[in-house]
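Here's the structure, in structure tokens; my notes come after.
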Amino acid sequence: MPQLNKLRTALPGGSGGNTAPPASDRLRTALTVFFALDGFLFAGWVVRIPAIKHQTGASAAALGLALLGVSAGAVVTMMLTGRLCRRFGSHPLTVVCAGLLSVSIALPAQTRSPLALGLVLLVFGAAYGGMNVAMNSAAVELVAALRRPVMPGFHAAFSLGAMVGAGLGGLVAGGLSPSAHLFALTGIGLLVTAAAGPVLLRRPAPRPAAAGDGSGASPRPTARARRTVLLFGVIALCTAYGEGALADWGALHLEQDLRAHPGVAAAGYSVFALTMTAGRLSGTALLERLGQTRTLVLGGATAAAGMLLGALAPGVWAALLGFAVTGLGLANIFPVAVGRAGELAGSGGVAAASTLGYGGMLLGPPTIGFLAEWLSLPVALTTVALLAATAAVLGYGARDAARA
């Protein structure tokens, strides 16, 4: 996995002009690999949802309820992982959760009913939620030590992994059963975890220079900081809702509503992930040039316009264009929100914003399912545009926090 973020500044406390030591290089590379693995495994699951829906005989509403298992498992785990990170460290938790996620991804393909699917998705969601809080906490700690806004680069690795996972899933969708495909992903995930995990386990999280007693301990956040963390958590929720909705329902929209070939339908999420990756790879430069507020507002507005096109377009190619624009708009909003929450309140801030944010990603799919049952899937997908526009408004409202 190529290193997505080149180190160009000295660590705090280092001598002038010195670059970060090789240990930080290795930590950064290993953490980037775990972000990529998370996206790869998640996308491998979502592109097989149509086949597993058919396998279990679930209706749109029943599938929405089953997908709620991912949400429930993830949200409960996220609420605990921030405390576990403070006690055991974010690095060991990242490795443990990556192993659990790799094993649990094989479970959905073994089910034959919506109820069984929902139960195993509780396990999958718990591993997914824990890994996301742990690795984001580790990323915030490293970004604070580097003193550059490189958080989008780690999330670019997630999107790149998702793009590869979705592309691979599209290639094998016609010739490989969901069981064989997801079992292969288990093997890949365990191998990657075994290769990259020791780097995190051998090295503690870096500590930025502290202004107080030099201990590196995070001060207790003020009431204003907690309110600001909540605001950024809601921004993350609004945008992650769209990512979860496109991941779980984008392929079904293209296949059922627009009559796309299964391979083309699977490519819909891959296109979305590709543009999100491109946006995040340029995220550091964008933040340094435009600042936090303009990045949030411009991203939310772009995503809202793109999703209206993706949901309501009469043809497959126009819908794919809409998915691409949506990915570009959403690219940097989530990493900015989670990174800022971590700056304000440490791993507790990451956990709070991630719980809200990934809660939006995981609650989005069942919400879309219920709305699709009552209205239609294209109309249900327009809620993604509504929440993206809301994120733009809230991003403008957070301009005082950005200046602080």
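The values are calculated or read from the model by the stated rules, or taken from the named source; none is laboratory data. On a predicted model such as this, the values are computed, not experimentally measured, just so you know. Cβ: placed from backbone, ideal geometry, glycine included. Neighbour counts: every protein chain shown. These area figures cover heavy atoms from the full protein model, side chains too; ligands, DNA and RNA do not enter into them. Shrake-Rupley method; radii C 1.70, N 1.55, O 1.52, S 1.80 Å.
Take the conditions of a type in the set (Lys, Arg), surrounded by fewer than 18 Cβ atoms within 10 Å (Cβ to Cβ) and at pLDDT below 85 and apply them to Arg224. Does it pass? Talk me through it step by step, then tell me what you get.
Details: of a type in the set (Lys, Arg): yes; surrounded by fewer than 18 Cβ atoms within 10 Å (Cβ to Cβ): yes; at pLDDT below 85: yes.
It is true that Arg224 is of a type in the set (Lys, Arg), surrounded by fewer than 18 Cβ atoms within 10 Å (Cβ to Cβ) and at pLDDT below 85.
For segment 69-80, what are the residues that are more than 9 Å from Gly125 (Cβ to Cβ) and modelled with pLDDT under 85?
Met78, Met79
Specify the residue that is nearest to Ala389 (Cα to Cα); the eligible residues are those in segment 256-294 that are in a helix (DSSP H, G or I), within 18 Å of the chain's Cα centre (by Cα) and among the polar types (S, T, N, Q).
Out of the qualifying residues, it is Thr275.
Among the residues in segment 144-163, are any in a helix (DSSP H, G or I) and of a type in the set (Val, Ile, Thr)?
No, because not a single residue in segment 144-163 is in a helix (DSSP H, G or I) and of a type in the set (Val, Ile, Thr).
Would you please list the contacts, defined by Cβ atoms under 9 Å and residues six or more apart or on different chains, that run from a residue in segment 118-134 that is assigned to a helix (DSSP H, G or I) to a residue that is among the acidic types (Asp, Glu)?
Correct list of pairs: Tyr128/Asp38; Met131/Asp38; Asn132/Asp38.
If the Cβ limit is 7 Å and pairs must be 6+ apart or interchain, which residue in segment 315-328 that is free of Cβ contacts under 8 Å to residues at least 40 places away in the same chain pairs with which residue that is open to solvent by less than 20 Å² (accessible area, probe 1.4 Å) and not hydrophobic (A, V, I, L, M, F, W, C)?
Gly322/Gly306; Gly322/Gly310
Regarding segment 162-175, can at least one residue be identified that is over 19 Å from the mean Cα position of the chain (by Cα), at pLDDT 90 or above, aliphatic (A, V, I, L, M) and surrounded by 19 or more Cβ atoms within 10 Å (Cβ to Cβ)?
So far as segment 162-175 goes, no, none of its residues is over 19 Å from the mean Cα position of the chain (by Cα), at pLDDT 90 or above, aliphatic (A, V, I, L, M) and surrounded by 19 or more Cβ atoms within 10 Å (Cβ to Cβ).
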